[in-house]
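Asks: Provided herewith is a single structure, encoded as structure tokens, for subsequent inquiry.
The values are calculated or read from the model by the stated rules, or taken from the named source; none is laboratory data. These numbers were taken from a predicted model, which means no experiment stands behind them. Cβ coordinates were reconstructed from backbone atoms using ideal geometry, including for glycine residues, and neighbour counts include every protein chain displayed.
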Amino acid sequence: MFNLFKSKIFLILTLVLTLGLLWGMNTSLVYEDKEFDIDGALKKEVLQEGYFDRKILASIENEKFDDVEMYEGLAKFFNIDLMQSTKDKIAENNTFFSKSLRNTKEFSSGFWTGKGESAIGMSGSILSDMTVVGDIRDLSTEGIKFANDEKYDKVVLGVAAVGVGLSVSQLLSTGSSTPLKVGASVIKVAKKTGKISKVFLGVISSKLAKAVDMKMLKKIDFSSIKSIGKNKVLFRKSLKLKGISKLFGNINKVKKNTSVFDTVSILKYVDNEKDLGKVVKLSTKYKKNTKAVLKVLGKTALKGSVRIVKYTSKFMTQLILAILSFLGFLIGAFVNLRMMFVWVKKIKLKRQI
């Protein structure tokens, strides 16, 4: 019994010692935050032979001419010369006539529908919003559904209401609300074209619900474009800009660093305001190549800093002692079980006698 008691004491002590050493190992670790090397990650991908030639030719074949310019710009950023056959193909699809005809058609479609799929088309959509034509157009469509308690697009209605309200503010504040209006318009285009992450769309919907007084909007007559136009001041009064100004302002910053088209494309990589802040930082460095960086690396480009663990000599010493202590615990457990087995066997023999 006495030996069994001592074995239990040994077992407990080795367990306590092992746990103590493990805790000590954790506290002796040293962490260092290192900025994620975006340039290094990019080079690993794009410096493969013929990378840009393949991407550009595939974009031309699929008539994604904005992607052609994107990959061409990134190739220049890394001083990579394209093959002559690729340059000829770009020139062939970039003649004045074909480009002018394509641009006119896309700009007109973007202006009147707000659904620009290309850079030119989106520019038309943004211009229609900046002249309030686009916002009133969308309000006349979604507003009637809203007024009749039918299913409507909450984001498009909310952003259009913000757009009209900001247009009035723009006149009153000599243009200081313009960046917010551009940000609002970019969100609307992104929503209409489906180039925005569902998670971020939820964030925007939540912000708009707090920024726009829907009860006040119920007072507006959405039956005609003329009646909507008469209520511009009411739209301004329905706004609470505090909750959305930073978000819309950051989107405008990305737009200024890149372009409308690129910003819309970039929003699919954004899930929250923290991601958007990282995109602002990324676009400040890479400017018009930001979209290409995200296209090549995906959300990895938004990692920010990476935490690196440094193993100190103190950690290694405690690791060795912890291993030895744990081995002692296992030996103690084995001895303890063996003694218990012998003790139980002796009791059974005594009972049989």
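Asks: So, in the range 51-66, how many residues would count as being modelled with pLDDT of 85 or more and either surrounded by 12 or more Cβ atoms within 10 Å (Cβ to Cβ) or in contact with a Ser or Thr (Cβ under 8 Å, 6 or more places away or on another chain) (or both)?
Replies: 10
Asks: Within the group Ser206, Ser245, Ser227, which residue is among the small types (Gly, Ala, Ser) and touching a residue at least 12 places away in the same chain (Cβ under 8 Å)?
Replies: Ser245
Asks: Please work out if Val203 is modelled with pLDDT of 90 or more and crowded, with 20+ Cβ neighbours inside 10 Å.
Replies: no
Asks: What do you reckon, is Lys219 out of contact with any His (no Cβ under 7 Å at 6 or more places or on another chain), in a loop (DSSP other than H, G, I, E, B) and either at pLDDT 85 or above or of a type in the set (Lys, Arg) (or both)?
Replies: yes
Asks: Another one. Can you confirm whether the range 221-229 contains a residue that is under 24 Å from Val293 (Cβ atoms) and either crowded, with 17+ Cβ neighbours inside 10 Å or not acidic (Asp, Glu) (or both)?
Replies: No.
Asks: If Ile12 passes every condition in (1) at pLDDT 85 or above; (2) surrounded by fewer than 17 Cβ atoms within 10 Å (Cβ to Cβ) but one, which one does it miss?
Replies: (1)
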